[in-house]
1. Count the net charge of all other residues whose Cβ sits under 12 Å from the Cβ of residue 172, scoring Lys and Arg as +1 and Asp and Glu as -1.
2. Within the accessible area of the chain, what % is carbon and sulfur when the probe is 1.4 Å and the other protein chains stay in place?
3. What net charge is computed for the residues neighbouring residue 582, neighbours being all others with C-beta under 13 Å from the C-beta of residue 582, Lys and Arg scored +1, Asp and Glu -1?
4. Treat each spin label as a single point 7 Å out from the Cα along the C-beta direction, and report the residue 240 to residue 567 distance in nm.
5. May I ask for the net charge around residue 505, where only other residues with Cβ less than 10 Å from the Cβ of residue 505 are counted and Lys, Arg are +1 while Asp, Glu are -1?
6. Filter 534/554; 429/581; 172/218; 505/582 down to the pairs with a C-alpha to C-alpha distance above 29 Å, please.
7. State which entries of 202/295; 374/570; 151/309; 95/295 exceed 21 angstrom in Cα-Cα distance in the structure shown.
8. For the Cα atoms of the chain, what angle does the longest principal axis make with the long axis of helix 435-446, in degrees from 0 to 90, nearest 10?
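The values are calculated or read from the model by the stated rules, or taken from the named source; none is laboratory data. Remember, predicted model here, so these are calculated numbers, not experimental data. Don't worry about glycine lacking a Cβ; one is built from the backbone with ideal geometry, like all the others, and counts go over all protein chains shown. Note: areas computed on protein heavy atoms with side chains; ligands, DNA, RNA excluded. Shrake-Rupley method; radii C 1.70, N 1.55, O 1.52, S 1.80 Å.
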Amino acid sequence: MGKELEGKTISSETESKPSLQLQFEVSVFDLYKHYYQVRLTVETNQNQICFCLPNWTPGSYMIRDYATHLHKFEAINFTNQEPVSWEMVDLHRWKLNNLPPKFEITYIIYAFEDFTVRTNYLETEFGFINPPALFLYPEGRLDTPTTVEFKVSEFFPNIYTSLPRDENNFHKFYSNHFDELFDSPFHLSKKNSVFFTAGSTKHELLIEGDVSFDFKTKLSNDLQKITETQIQWMQESPNQSYLFVLNLSLPAYGGLEHKASSINYFNPELIHDDEEYKRLLELLSHEYFHLWNIKRIRPIALGPFDYQKPNLTRELWIAEGFTSFYDAYFLYHAGFLNLEEYLNKLQSDIFSLEDNDADFWMSLEESSFTAWTKYYKRNGNSHNITVSYYTKGGVLALCMNLFLLQESKDKKTIRHVFHKLNEVFVKEKQRGFTKQEFFDVTKEVTGVDLKLEFNEYLESPKPIPVDVYLDHIGIHRIQTDLVGDTGFKTKEKNGNLYVQKILHKLNYESIDLMLDDEILAINGKRATNSILQKLEKNLRPGEKFHLILSRAGKIKETMVTASGFYKTRKFVVSEDCSAEKKELREYFLRNIV
Ligand SMILES: [Zn+2]
């Protein structure tokens, strides 16, 4: 593939240390066709350079083949406008030979495939650039500084990013190396941002989409409280400035963390619903906490990055799980969730683990290690076999904190462990930690051997006995009304019922029921949603019911035995517990662990 063109070349090998200067210019090639154009000016004394486009974005663990969207690659000698010879050496790398001292690479990036926080986007109201999906880097030279200048002001007057700006040109930015560039997304907009201060950090909030001034003010005030709570928890503001981008243009949900910014997408139709608004705050709280947990305090595999292949780690239960525990815990402590709402959040995670078989199929470490091929590549059976390092990691963080509260002297918790990890690994050693180092620091800070207590849940597919740990603070499970459950979920299409989800349960027989089977009749009656609901309402555990199905044009019959579940189940604060447990509970709920 590619092309071999003869060009007049001047090679400069007079200096032993290869010099390399890179300047990017980004423009809109065609707004309505969603094309960016990138122009890269290179000055070098090297004879040959391989330029690569990353395959993935840190924080989003999937190979995405960003080069799919790179088109019309060209390289031209700056002095004589002759082509520079190049060839594609694999699907993500362009090798340039016989280099002149100054040349220009140009290419087009298509930016409308997917509206997500890790893909480029370009439409009439805004543009988004996820740098790993747009900027080529020189192989082996990720340490090269770059400038990025935008020529987009006729479409988008404002450019939001965490990179420093040129004093005289507000559309020109500097990065010290490619790790910084790739961690600094750009949002191009017609909107204006608002500012607030928390700790010593100046925070900027840009909302894309049509929202009222009142909403902007409210969200900005709420974010101030959340960020202040987290800064107090960590006892530091590591950034001088921090940028929140919240895109409310289209129905979407997702966030991506960066060292000095986060990109967040949320459904604009939901923001005025009280419960959904709290879900939005939880998302923003989650991404903000990552500025410490993963962007600074991190498992050793998560940086420096190989942008061509997966950086595998077994410790996403810390990076994502602990963040999932703290996002809601901070909301509770900042006053956005009351105790009942907070307990509801905890129990919905606990129940979602209990309701699926995956906890018996996959350990937390396997869940983390295989995120690239399993968690990020979900299918109709994933809930049965793939445990979430977010959900189970969050439940683990809760249990670890409760265990530490009970066992440690002076109530030392994960908070104190994080302070120490920050001091030792971020500030002194400037690297990530291994699993053993995490447990060593925990033991040093708290005096408690967390590895001894919890390692089996990391290495084996085994449910965590949550009730045991919640009992340390006198929170108990109530479950009544054992009722029958069909074991499957349906979707309705044109008045017909189709099997959408099958819940595999340990100890229950395998039934002849498949995804996408059409349910024609239930216990001899034409299947409708109301007939199914009636069955579900009256079903007893162990009761059998009869289905007639249509599968690939053939009629099938099957008998299903109902499984059981508790219709009423929740965790409640118990007054019937020791004074010691009450005191620990007060501590967990009043102080921030
Ligand atoms: Zn996260």
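1. Result for the local shell: -2.
2. The value for the chain is 47 percent carbon and sulfur by accessible area.
3. Details: positive: 581, 585, 590; negative: 471, 575, 576, 580, 583, 586.
Result for the neighbourhood of residue 582: -3.
4. In this crude spin-label approximation the distance works out to 6.2 nm.
5. Numbers: positive: none; negative: 355, 357, 485, 509.
So the environment of residue 505 carries a net charge of -4.
6. From the list (534/554; 429/581; 172/218; 505/582), the Cα-Cα distance tops 29 Å for 429/581; 172/218; 505/582.
7. From 202/295; 374/570; 151/309; 95/295, over 21 Å: 374/570; 151/309; 95/295.
8. The two axes meet at around 70 degrees.
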